[in-house]
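Novice: Provided herewith is a single structure, encoded as structure tokens, for subsequent inquiry.
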């Protein structure tokens, strides 16, 4: 085999290894994101329905310690649990005194959407819904809205996400109590056509006057 062919083969092998590493890294990052998203957190509402057991069904609130209180079970720590994991935990605990309990569980996050969206409101959404999803739920950004002026207000902190519609910023996870604020475009941007028209008219009048 000539040295030229060997060099080409080596370069190809390195390129393939680099591609495999990038793909593995991307898959690992996506798996990590999927694992993290949807975990229960303080402020979430959890609706537990135990079929044929009305007294055991309840709507509970995840407190600041990441705990809920359920009938006959008392305190349960739900930090870092998904809804499926919590459902399995509750089913196992109720199985100690119920035969094959059938349980439905829904978790909801309270998110406020304000500003230049079609339907500003308070939304109770699934924990898996991300920034992009909730803005879409609110009807999307209006024609007066600035798609690059979006922020999440969490407590006293406001964080801007100017590229949420085009990048991974749109996959930002939300927490109960978050407020999404979509800003409006400036007066100049909204009236650019009229400004250009007036400028053109002024130029035309000036030219006519100076002749």
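Values quoted throughout were computed directly from the atomic coordinates according to the rules given, and no laboratory measurement underlies them. Everything numeric here is computed off the predicted structure, so don't read it as measured data. Methodologically, a virtual Cβ is constructed for each residue, glycine included, from the backbone with ideal geometry; neighbour enumeration extends over all protein chains shown.
Novice: In the set 89, 112, 96, which member is more than 28 Å from residue 181 (Cα to Cα) and not in a loop (DSSP other than H, G, I, E, B)?
Specialist: On inspection, the qualifying residue turns out to be 89.
Novice: Hey, any hits in the stretch 64-84 for a residue that's part of a helix (DSSP H, G or I) and out of contact with any strand residue (DSSP E or B) (no Cβ under 6 Å at 6 or more places or on another chain)?
Specialist: Yes, the conditions are met somewhere in the stretch 64-84.
Novice: Another question about this same structure. Would you mention how many residues in the stretch 102-136 are closer than 19 Å to residue 164 by Cα, more than 15 Å from the chain's Cα centre (by Cα) and touching a residue at least 40 places away in the same chain (Cβ under 8 Å)?
Specialist: Result for the stretch 102-136: 4.
Novice: Identify, by number, the condition in (1) in a loop (DSSP other than H, G, I, E, B); (2) in contact (Cβ under 8 Å) with a residue 24 or more places away in the chain that residue 151 doesn't meet.
Specialist: Only one criterion is unmet by residue 151, namely (1).
Novice: Which of the residues that make up the stretch 122-147 are touching a helix residue (DSSP H, G or I) at 6+ places or on another chain (Cβ under 6 Å) and not in a strand (DSSP E or B)?
Specialist: Matches in the stretch 122-147: 131, 132.
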